[in-house]
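The structure appears right after this line, and notes come after that.
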Amino acid sequence: MRTSCPSRPHLPCLLAALSRARAARLPLLPATRSLAASALLRHRRLPDALAHFSLLQESGSALPAPLCNSLLTALAASGSLAHARKVLYTMLEAPVELDTVGFGVFAKSAVRRDGLAEVLRLVEAVGDRGDLVNRSVVAAMLVDGLCREGRIEEAWQALEEMRLRRWKPDFVAYRIVSEGFRVAGRAEEEGRILKQKRKLGVAPRKEDYGDYVLALLSHRQIYQAKEIAEALVLGDFPIDDDILNALIGAVSEINVDAAAMFCKFMLGKGRFPSAEILVFLCENLCKYSKGDEMWGIFTVLFEKGYCNNSRDYHLVVSFLGKAGKVREAYDVLKEMKRKRLEPEISSYNSLMEALCRNDLLRPAKKLWDEMFTVDCSPNLQTYNILITKFADIGETEEAQQLFDHMTQKGVAPDCATYTSVITMLCKENKYEQAMEIFNKSLMQDAAVASSVLTVFILMLCKQGQNKCLYTRPLMPSEPDAWSSKTGYWLCYSNTKMPDSHVSIWLY
């Protein structure tokens with residue numbers, strides 16, 4: 001029997017197919033095994049990918065260069081240097097063409113653990129066979145790895161050793177090492193390295209580093225991409241917008257501070273990230289409670305003239321509200337009015353939600369009054385934000401007035417509105433009023449009432465003075481059972497008066 005699987009590659013399906021082939025002792029063609037290893041790598045199943053690579057190697061078939069380099073990259077980045085070294089030796093013996101990502105990531109990981117001498121030996125082993133390896137980029141990776149370990153003298157030595165082997169360090173590599181000495185407070189050595197940079201270094205090609213960063217990101221080596229990009233940004237080297245957008249988006253998931261730095265670098269050059277990337281960055285800044293960092297980015301955006309329409313301003317207001325920067329969000333709202341841009345209801349709702357979340361009820365009421373002043377009518381979301389907040393803090397009268405106001409204005413409550421009000425009334429033992437609210441939901445929409453009823457019953461059962469005895473649908477013989485609306489008998493009793501109970505027909 002055939003088992004259906006999604007059209008897109010899916011790990012469980014892949015593992016199941018490989019397991020069935022192994023159980024049936026079906027030999028896999030080299031091309032199939034290579035595809036399997038590549039797919040397992042994409043799914044981060046490194047041990048499984050390595051196992052299939054070993055079987056492919058044992059079969060004597062030609063080893064695909066993309067697979068070998070991807071495996072070398074993944075093993076080195078994960079710290080599995082023993083396995084990575086075996087893959088590298090296999091590639092050198094076959095021979096299989098090395099690329100910049102594969103050897104660059106391996107060299108950086110190896111030098112951090114094994115030292116410069118071991119990596120220089122491997123550099124000599126690669127020799128002139130790595131035509132696809134950008135030697136200047138690898139030199140920069142090498143010294144970056146050493147400087148991140150605090151081994152700045154060794155990094156300085158690496159510059160000369162790599163230059164003598166015709167792996168010419170460029171300005172990026174020299175800048176990385178000079179910065180290491182500057183941070184260490186060794187100004188004299190920093191100056192000497194900068195002189196060497198002007199005399200011996202070669203100018204970096206923007207395209208080489210851009211392609212390298214994109215290649216790292218395509219291999220999901222986000223940390224590696226972040227680190228080399230930091231060297232470029234801190235050294236004020238040119239980077240194209242598409243590279244920066246890709247970096248900001250990918251890096252914001254693992255290090256939002258670094259992503260914000262890349263964004264500020266882009267803004268400093270008078271360029272803007274794409275709207276999609278800006279939203280993604282702001283979501284992660286909110287996720288990691290980086291409201292001040294976000295406000296700093298928005299401040300630069302304003303200075304550069306980014307916001308030109310209501311949509312742009314709404315994005316700023318909504319994220320500032322989400323980050324708890326309510327004062328700043330309100331200032332942005334006022335700035336919109338000064339520019340004669342009418343704030344949308346969504347902007348008011350974002351700010352209102354932030355005010356209520358931070359228990360700033362007086363400003364929330366002021367904002368409510370302001371909405372009517374500027375002729376911006378509240379919608380269902382506005383009412384729900386305020387009703388839910390007033391209900392939560394026990395402001396029954398305020399919540400009830402808002403509920404009455406919305407129905408008078410023709411705004412139909414939803415399940416959230418009804419449950420907030422009913423929950424509040426039940427907590428205050430105002431069951432008859434709660435029943436009136438429920439009946440309104442039933443008259444409005446049976447589906448809404450069904451969801452509200454569940455909450456109503458639970459609240460009756462939870463209250464100390466009342467206990468729900470039962471609820472059941474109306475029987476055909478009972479009054480008005482022919483109604484098209486669903487009918488219920490709801491029976492509850494007062495536990496302080498055991499002999500009394502109330503049966504209420506809900507229809």
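Values quoted throughout were computed directly from the atomic coordinates according to the rules given, and no laboratory measurement underlies them. In this text the structure is predicted, and so the values were computed from the model without any measurement. In this analysis, Cβ positions are derived from the backbone assuming ideal geometry, glycine residues included, and neighbour counts consider all displayed protein chains.
Things to note:
- Residues L56, L247, L380 in ascending order of nearby Cβ atoms (within 10 Å, fewest first): L380, L56, L247.
- Ranking L281, G270, W295 by how far each Cα lies toward the positive end of the dipole of region 267-311 (charges on Cβ) leaves G270 at the top.
- Other-chain or far-sequence residues with amide H under 5 Å of V202's (modelled H): D170, F171
- About its Cα centre, region 209-367 has a charge dipole of approximately 920 debye under the convention of +1 per Lys or Arg Cβ and -1 per Asp or Glu Cβ, with nothing else charged.
- Summary of packing: across the peptides 265-277, 417-429, the per-residue average of other C-beta atoms within 10 Å ranks them, highest first, as 417-429, 265-277.
- Computed lengthening from K440 to E160, 0.36 nm per intervening residue step minus Cα-Cα distance: 92.5 nm
- Cross-link partners for K269 among the lysines, with Cα-Cα distance under 20 Å and sequence neighbours closer than 8 places in the same chain left out: K206, K226, K304.
- With the alpha-carbon atoms of region 14-149 aligned to their principal axes, the span from lowest to highest coordinate is 51, 28, 19 Å, starting with the largest.
- Two-site FRET efficiency, D128 against H43, from Cβ-Cβ distance with R₀ of 30 Å, rounded to 0.05: 0.25
- In this calculation the C-beta distance from L234 to E93 is compared with R0 = 30 Å, giving a FRET efficiency of 0.15.
- Residues whose amide H comes within less than 5 Å of that of N358, counting only those at least five positions distant or on another chain, are absent (H built at 1.01 Å from N in the peptide plane).
- Sorted from longest to shortest, the spans of the Cα atoms of region 32-100 along the three principal axes equal 25, 25, 19 Å.
- Across the chain, C-alpha contacts under 8 Å between residues 6 or more apart give a mean separation that, scaled by the residue count, equals a relative contact order of 5 percent.
- Sites K462 and I254 - FRET efficiency at Förster radius 35 Å, r taken between beta-carbons, to 0.05: 0.20
- Rounded if a/c under 1.5, otherwise prolate or oblate - region 359-462, Cα gyration tensor axes: oblate
- Placing +1 on the Cβ of every Lys and Arg and -1 on the Cβ of every Asp and Glu, with no other charges, gives region 153-203 a dipole of roughly 340 debye about its Cα centre.
- Region 1-139: relative contact order as a whole-number percent, Cα under 8 Å and 6+ apart: 17
- The dipole here belongs to the chain: it is taken about the Cα centre, uses +1 on the Cβ of Lys and Arg and -1 on the Cβ of Asp and Glu, and is about 1160 debye.
- In Å, descending, principal axis extents of the Cα set of region 199-262: 40, 22, 19
- Computed on the chain, the Cα convex hull volume stands at 241 Å³ per residue.
- When you filter the trypsin sites (Lys or Arg not before Pro) in region 307-393 for DSSP loop state and at most 13 other Cβ atoms inside 10 Å of their Cβ, you are left with K339, R340.
- Sum of side-chain charges, N69 neighbourhood, beta-carbon under 12 Å (Lys, Arg +1; Asp, Glu -1): -2
- Relative to the current alpha-carbon distance between Q408 and Y288, full extension at 0.36 nm per residue lengthens the span by 39.0 nm.
- Distance cut-off 15 Å, percentage of C-alpha pairs in region 281-384 lying past it: 60
- Debye intensity ratio in log₁₀ form over the Cα atoms of region 251-293, taken at each q of 0.13, 0.20, 0.27 Å⁻¹: -0.23, -0.56, -0.97
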